Structures are given as structure tokens and as C-alpha cells.
Amino acid sequence: MAAPGTKSRLFRCVKSILYALLFITISILTIATLRTFSLNVNVGLQLADWEKTNQIRFDISQRQREEVFTNFKEAIRIPTVSYSPTDINATALHEFSRLLRKAFPTVFSSSLVQHEVVADYSHLFTVQGSQPDLVPYMLLAHIDVVPASESDGWDAPPFSAKEIDNFIYGRGTLDDKECVMGILQALEYLLLKGYRPKRGFYIGLGHDEEVSGLNGALNIVRLLKQRNVHLSFLLDEGLLVIDGVMKGLDGPAALIGVSEKGSATVKLSVTSAPGHSSMPPRESSIGILAAAVKRLEDNPMPMLFGQGPERGTFEHLAHKFIFPIRFLASNLWLFAPIVGRLLALKPETNAFSRTTTAVTMFNAGVKVNVLPSVAEAYVNFRIHSAQSLQEVLDLVDSTVGDQRVKVEVVDGFDPLPVSSYSETSYGFQIIKKSILDVFPQLTVAPGICVANTDSRHFKDLVADIYRFIPIWAKAGDAQRIHGINERISKKNYEDIVGFYFTLIQNCDVKELPETHSGVHEF
């Protein structure tokens with residue numbers, strides 16, 4: 001039996017440990033609470049003294065407004081569909097080239113602009129700046145669209161550009177003719193007003209982005225490499241303005257993509273002896289393959305929330321979340337695992353948390369009474385920024401775990417590097433300033449693109465690649481991209497033209513101002 005003195009010492013020891021744990025808990029909660037009410041990484045450059053430039057206001061007449069919509073509708077009516085890398089609508093692409101010349105005569109006739117056709121259907125515009133010591137930038141977009149059929153359930157024919165309730169319907173209204181036409185329309189009006197940029201820039205319009213950009217974007221890259229071109233930053237299509245999409249977020253937010261997920265398509269196959277269905281083996285090729293596919297679905301890739309750009313997204317938006325989400329988002333150093341698990345509950349947010357696994361094709365069998373000799377499945381992985389292609393393939397091998405299942409990589413690439421989004425990042429801050437100049441009510445944050453764009457081909461020319469379109473997306477609108485009833489409001493398209501009109505002028509700023517940081521670390 002323990003002596004009374006021993007019990008007393010043990011009690012004091014336990015009491016001391018409990019007090020220490022209580023002190024640590026209170027300290028952590030105090031730090032977390034202070035950080036919750038002080039974290040606002042958006043303040044810095046908004047309070048800074050920006051270099052003054054002679055800004056031309058985006059002020060267009062009613063006639064010009066009608067011209068904006070007429071040009072855009074004509075672009076939507078041209079079915080520049082890409083079916084595969086070897087199956088594109090060449091006739092439509094030639095027609096689109098003629099439209100560009102007709103719609104933007106000042107761009108094509110200006111002595112400041114050099115235009116080149118690349119790989120027969122893509123376009124490269126070089127806009128001269130008055131100060132050649134300033135490093136140029138690039139605006140990127142693509143002309144082609146994915147197939148669409150009215151029989152899928154569209155409210156208007158997909159290449160009609162029909163107006164319904166002030167929305168223009170049609171394939172390409174969101175992906176990506178609004179950027180193609182918006183960029184050139186902005187430049188057209190700037191040149192008409194006598195504008196001459198200080199900083200030169202390039203406009204690249206690819207013709208086969210929807211089928212990987214291997215002819216359009218890649219040939220533009222080769223041309224620029226031959227000319228030793230280096231860019232300060234590049235802006236392509238990508239993330240949107242979200243309004244009512246993210247639960248708990250108070251107000252709309254603009255997300256600028258600072259990276260893209262990698263991608264891998266993996267083929268799984270099982271080969272077995274064919275035979276009659278009346279004498280089946282214990283396991284068929286279909287059964288073996290189905291079990292392997294089920295293992296991949298039942299064992300998702302590891303949770304990686306907080307190890308990529310998604311951390312920056314939540315920290316930039318933290319002050320706009322309602323409680324208790326604000327408390328969690330402001331303190332990812334403590335709550336990242338909890339936030340990650342919450343995001344994993346829905347498919348649309350799970351994509352930010354990990355490498356996703358999607359079984360997209362399953363083929364087997366030729367007749368109901370014949371055992372198939374081969375069963376095949378294709379699985380697509382979108383790779384998180386914190387993982388590599390090889391790491392994903394290793395996990396696939398270990399999860400499948402069956403020598404009878406052959407695993408082959410059809411194609412794949414690593415995630416794109418994460419572009420800078422600090423207060424000293426010229427490209428990010430200029431894009432952010434331009435967004436707030438046009439949409440002062442927005443909060444701006446970095447984000448990650450879960451889909452891929454032509455910009456990935458340009459990584460050898462530029463360190464900072466950004467992906468953003470000022471498309472105003474409410475709940476359900478993202479599904480219209482590549483889906484049915486793709487549409488854009490007339491006001492939103494006019495705002496897109498205004499955004500590029502503002503951005504081009506803001507890029508004349510030589511360097512960023514000193515910041516007044518709003519970040520407080522504890």
C-alpha cells in the first residue's frame with residue numbers, strides 16, 4: 001500500500017499536469033481568437049499609395065454597347081468545335097479568323113500591333129510598349145469549344161447566341177469566347193481612344209485547348225522561345241467570381257488560380273481465357289477488375305488540405321466567413337485537418353483537399369453468353385499540388401494490389417508550380433487591383449484550378465501564371481461549363497470587357513507600392 005506522502009506527491013504531480021494543460025489550452029485559444037479578429041491579408045496594397053497613371057475610363061456609348069454584344073454573338077454562332085486532336089472544325093476556325101478582322105479593325109490596322117497566324121488557326125498579337133525596359137506580360141484565351149447538341153436539353157440552340165432574360169445562351173459563352181472577344185474588344189476601344197501602352201504585351205489565342213493545345217498553344221510557345229521572350233506574368237482562363245457558392249462566406253469573392261492540378265489517366269486491364277458462360281470460373285476478368293476499381297474508390301488518395309494553394313484561399317477569405325467557420329479558417333495552423341475533413345464531405349469541395357479518383361470508362365464483354373477474355377477500365381486522377389505523378393502511380397499500384405491487374409499510364413503530368421501571390425508579386429497584385437477597380441465589393445483570394453488550361457504549356461517562359469475570368473458564378477453555374485445551357489448575362493460580358501480595359505492600363509504601373517501589411521502572426 002502506497003504511503004500517504006507518495007499519494008500526496010502523485011496528486012500534486014497530476015494537478016500540475018492538469019494546470020499546465022489548462023494553461024496551454026487557454027493560450028492556444030487566446031492566440032486563435034486574436035488571430036481570428038486580426039487576420040486580413042487583403043488590406044496591405046489596398047491601403048498603399050499606388051503609382052498614378054493616366055487612366056482612360058471605360059465609358060462606352062449605346063451604339064458601342066450594341067456593337068460589343070453583336071460581335072460576341074457572332075463569335076458564339078461559329079461552331080469552332082474540337083472533337084479530338086485530329087478532328088477540329090477547320091472551316092469554322094477560318095470563319096472565326098475572318099470575324100476577328102471584321103470585328104476589330106483598329107487592332108488589325110494599328111502600327112502598335114503585330115498579328116501572326118500560328119499553326120494555321122491560332123493567333124498571336126504582339127503589342128508594342130513605349131518603354132521596352134518593362135518586361136512584357138501575356139493574355140491567353142482559346143477559340144475552340146467542346147461539342148454541344150440541342151437534343152441534350154438546351155433551352156436555346158447551343159450555337160444560336162439567343163437572348164433569354166438578358167442572358168446570351170451558347171457554347172463558348174463561359175469557355176472561352178468571352179475572354180477571346182473581351183480582350184480584343186478592350187484593346188480595340190483603348191486604341192480608338194489613342195492609348196499607347198508603356199509595358200508591351202502579347203495576346204495568344206489557341207485553337208485546340210479543349211484537346212490539350214498540342215498544336216495551338218505549343219506552337220505559340222515555340223515561336224516565343226525562338227525570340228527569347230520572357231514574361232513578367234501570364235493571365236489565362238481559370239477560376240471565377242463565386243457568389244453564394246461557398247457555404248458561410250459573407251459576400252462574393254474572386255478567386256485567382258495560382259496553380260493547376262496535375263493529371264493522370266491510368267488504364268487497368270485483366271486478361272483471362274475466354275469460355276462459355278455455362279461453365280464460369282470462380283473469378284471472371286470482369287469480377288477481378290471490378291474489385292480492383294472498387295478498392296481505388298474505397299481508398300481515396302490521402303488528405304492533403306493545407307499543403308497547397310487552398311491554404312491561401314481560406315486565409316485570404318477568413319475574415320469574410322461567418323462564425324464558427326471564420327475561427328477555423330483563420331487558424332489553419334491548428335484546424336487544417338478538421339477543415340479538410342469537412343471539405344471532403346462534398347465532391348465539389350473534396351477536389352481542393354486531395355488528389356481525386358474518377359473511374360470514367362469500363363469496357364468488357366461482347367456477348368451475353370461468352371466470358372470476356374479482356375476487361376478494361378480507365379481511371380482519371382487530378383493530382384493535388386502536394387503530390388507528384390509518380391507518388392500517385394505508386395499508390396495506385398499498392399491499392400490495386402493484384403498481379404492479375406495490369407496498370408498502365410495512358411498520359412499524365414505533375415501539378416503546375418504554384419505562382420507567387422504575396423504582396424510583392426507584381427502579376428497577382430495587378431490582377432487583384434484590376435478586379436477591385438471594376439468590382440470593389442469583392443474579396444480576392446488565390447486558388448487552385450482543378451481543370452487544366454493552355455497556360456501549362458508556358459511554364460518555361462514565365463514563373464507566374466494566373467488563371468482568372470471575371471465571370472459571376474452563382475450556385476449551379478459552374479456545371480454549365482461543358483454542360484447544357486451555357487450562358488452569360490449581358491452585363492457580365494460588358495464587365496469582362498471593362499476588366500481587360502482596366503487591366504491593360506494598370507499594367508503600365510512600373511512597380512508595386514510599399515505595403516501596409518494587414519497580416520498578424522501570433
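The values are calculated or read from the model by the stated rules, or taken from the named source; none is laboratory data. Quick caveat, the model's predicted, so the values are computed rather than measured. Don't worry about glycine lacking a Cβ; one is built from the backbone with ideal geometry, like all the others, and counts go over all protein chains shown. In case anyone asks, the SASA skips ligands and DNA or RNA and just uses the protein heavy atoms, side chains included. Shrake-Rupley method; radii C 1.70, N 1.55, O 1.52, S 1.80 Å.
The table for this structure:
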read-out	value
The range 397-492: chymotrypsin sites (Phe, Trp or Tyr not before Pro) in DSSP loop, at most 13 other beta carbons within 10 Å	none
Solvent-accessible surface (1.4 angstrom probe) belonging to SER8, in square angstrom, nearest 10	50 Å²
Ellipticity estimate at 222 nm from DSSP helix runs (n ≥ 4, -39,500 (n - 2.57)) divided over the chain, nearest 500	-11000 deg cm²/dmol
With all protein chains modelled, accessible area of VAL293 [1.4 Å, Å²]	10 Å²
The range 413-469, dipole about Cα centre (Lys/Arg Cβ +1, Asp/Glu Cβ -1), debye to the nearest 20	100 debye
Inter-site label distance for ARG341 and VAL407 at 7 Å from Cα along Cβ, in nm	2.7 nm
Order of exposure, largest accessible area first, which applies to THR80, THR126 with probe 1.4 Å	THR126, THR80
Solvent-accessible area per residue for the chain (1.4 angstrom probe, square angstrom)	46 Å²
Options THR313, LEU99, GLY153, ranked by Cα towards positive dipole end of the chain, top entry (Cβ charges)	THR313
With every protein chain in place, the range 115-167: carbon and sulfur % of accessible area (1.4 Å)	46 percent
Relative contact order of the chain, pairs being alpha-carbon contacts under 8 Å that are 6 or more residues apart, as %	25 percent
Extension reserve of the TRP333-ASN363 stretch, reckoned as 0.36 nm per residue once the Cα distance is removed	6.3 nm
Sparsely packed GluC sites (Glu not before Pro) within the range 116-174, loop by DSSP, other Cβ within 10 Å at most 13	none
Computed lengthening from GLN441 to THR424, 0.36 nm per intervening residue step minus Cα-Cα distance	3.8 nm
Rounded accessible area of ARG480 (nearest 10 Å², 1.4 Å probe)	50 Å²
Solvent-accessible ranking of THR357, THR70, THR502, THR424, largest area first, probe 1.4 Å	THR424, THR70, THR357, THR502
Dipole of the chain, positive direction: furthest Cα of TYR83, THR126, ASN492, with charges on the beta-carbon	ASN492
Rg ratio (alpha-carbon, reference 2.2 N^0.38 Å) - the range 36-166	1.45
Positive-end residue, the chain charge dipole about Cα centroid, Cβ charges, pick of TYR169, SER277, ALA254	ALA254
Cα convex hull volume per residue for the chain (Å³)	207 Å³
Loop sites in the range 282-329: GluC sites (Glu not before Pro), DSSP, at most 16 other Cβ within 10 Å	GLU283
Computed lengthening from ASN299 to SER160, 0.36 nm per intervening residue step minus Cα-Cα distance	45.6 nm
Estimated inter-spin distance, LYS474 and VAL117, nm [label 7 Å along Cα→Cβ]	4.3 nm
Ranked by how many other beta carbons lie within 10 Å on average, peptides 267-274, 493-500 from highest	493-500, 267-274
Whole-number D in µm² s⁻¹ for the range 88-229, Kirkwood Cα-pair radius fed into Stokes-Einstein, 20 °C, 1.002 mPa s	131 µm²/s
Accessible-area composition of the range 254-382, carbon plus sulfur, in percent [1.4 Å probe]	61 percent
Computed magnitude of the charge dipole of the chain (debye, nearest 20; Cβ of K, R +1, Cβ of D, E -1)	1440 debye
Ordering of 89-101, 55-67, 328-340 by packing [mean C-beta count within 10 Å, highest first]	328-340, 89-101, 55-67
Pairwise centroid distance, computed over Cα atoms, of the range 425-472 with the range 166-196, Å	17 Å
Most to least accessible of LEU140, LEU239 (protein chains only, probe 1.4 Å)	LEU239, LEU140
Charge dipole (debye, nearest 20) of the range 65-112; +1 at Cβ of Lys and Arg, -1 at Cβ of Asp and Glu	120 debye
Under Karplus coefficients 6.51, -1.76 and 1.60, residue-wise ³J(HN,Hα) of the range 448-457 in Hz, glycine/proline x	10, 7, 8, 9, 10, 10, 4, 4, 5, 6
